[in-house]
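Structure, as structure tokens:
The values are calculated or read from the model by the stated rules, or taken from the named source; none is laboratory data. As the structure is a prediction and not an experimental result, all values here were calculated from the model. Cβ: placed from backbone, ideal geometry, glycine included. Neighbour counts: every protein chain shown. When the accessible area is computed, the model is the full protein with side chains, heavy atoms only, and any ligands, DNA or RNA have been set aside. Shrake-Rupley method; radii C 1.70, N 1.55, O 1.52, S 1.80 Å.
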Amino acid sequence: MTTNVLILCTHNSARSVLSEGMLSHLAAKLGKDVKAFSAGSAPSGRLNPFALEALTQAGVDVSGYRSKSWDEFTTPEAPPLSIVITVCDSAAAEQCPVFFGGHGQPVKVHWGYPDPSNAEGGDEGKRRAFELTRQAIGYRMLQLLALPLETLSKAELLAALQAIAKS
């Protein structure tokens, strides 16, 4: 059964997009049945070009990516979510909507990353910050993909995801 993972940030333009891209890319490379999605509580409607550049340079196909609202994942037609990860502190503090799913509420965890858009040093500084953020996200996504997702209980999954957050 596919493990559907939704990654949330406020604007769905940078960190959540980097996370969706890295999780999808690594899952495909490793042959894991994991599908990544990203969304925002207040989507900007645009993707940060530095995020797209960092993903593209890492070999990630970003065609079809768009900034979207988490509301798209609250309908009965939405994919049943197993895991919801917030990647920015403001999204983590917000009241998440109810996500429908075939197997109850998803496990929710916060994996915070500083906003690379705020990096100093002009475009070169931003490029460096986005690449470092992409690498940090990739490291955690590899740890997620190493978990026996099909056999963990919700409590075990939550504990494992919280342990990854501390790594």
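Table for the structure above
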| quantity | calculated |
| --- | --- |
| Gain on full stretching of the segment that runs from ASP89 to LYS154 - 0.36 nm per residue minus C-alpha separation | 21.1 nm |
| Linear extension gain, LYS68 paired with GLU53, 0.36 nm per residue minus alpha-carbon span | 3.5 nm |
| Members of LYS68/LYS108; LYS35/LYS154; LYS29/LYS126 lying beyond 24 Å, as alpha-carbon distances in this model show | LYS29/LYS126 |
| Residue of VAL107, VAL84, VAL17 that the Gaussian network model of the chain assigns the largest fluctuation, springs spanning Cα pairs under 10 Å | VAL107 |
| Residues of segment 7-92: accessible area per residue with a 1.4 Å probe, Å² | 40 Å² |
| Potential lengthening between ASP61 and MET1 on full extension [0.36 nm per residue; Cα-Cα distance subtracted] | 19.2 nm |
| Accessible surface of the chain, 1.4 Å probe, proportion on carbon and sulfur as whole % | 55 percent |
| Separation in nanometres of the label points that stand 7 Å from Cα toward Cβ, at GLN143 and GLN105 | 2.4 nm |
| Degrees, to the nearest 10: 154-165 long Cα axis against longest axis of the chain | 20 degrees |
| Residues with amide H under 5 Å from that of ASN4, placed H, sequence gap 5 or more | LYS35, SER82, ILE83 |
| Size of charge dipole - segment 11-167 - debye, nearest 20, with Cβ of Lys, Arg +1 and Asp, Glu -1, no other charges | 220 debye |
| Compactness index (Cα Rg / 2.2 N^0.38 Å), the chain | 0.97 |
| Exposed-site-free run, longest, the chain (rule: GluC sites (Glu not before Pro); DSSP loop; at most 11 other C-beta within 10 Å) | 1-76 |
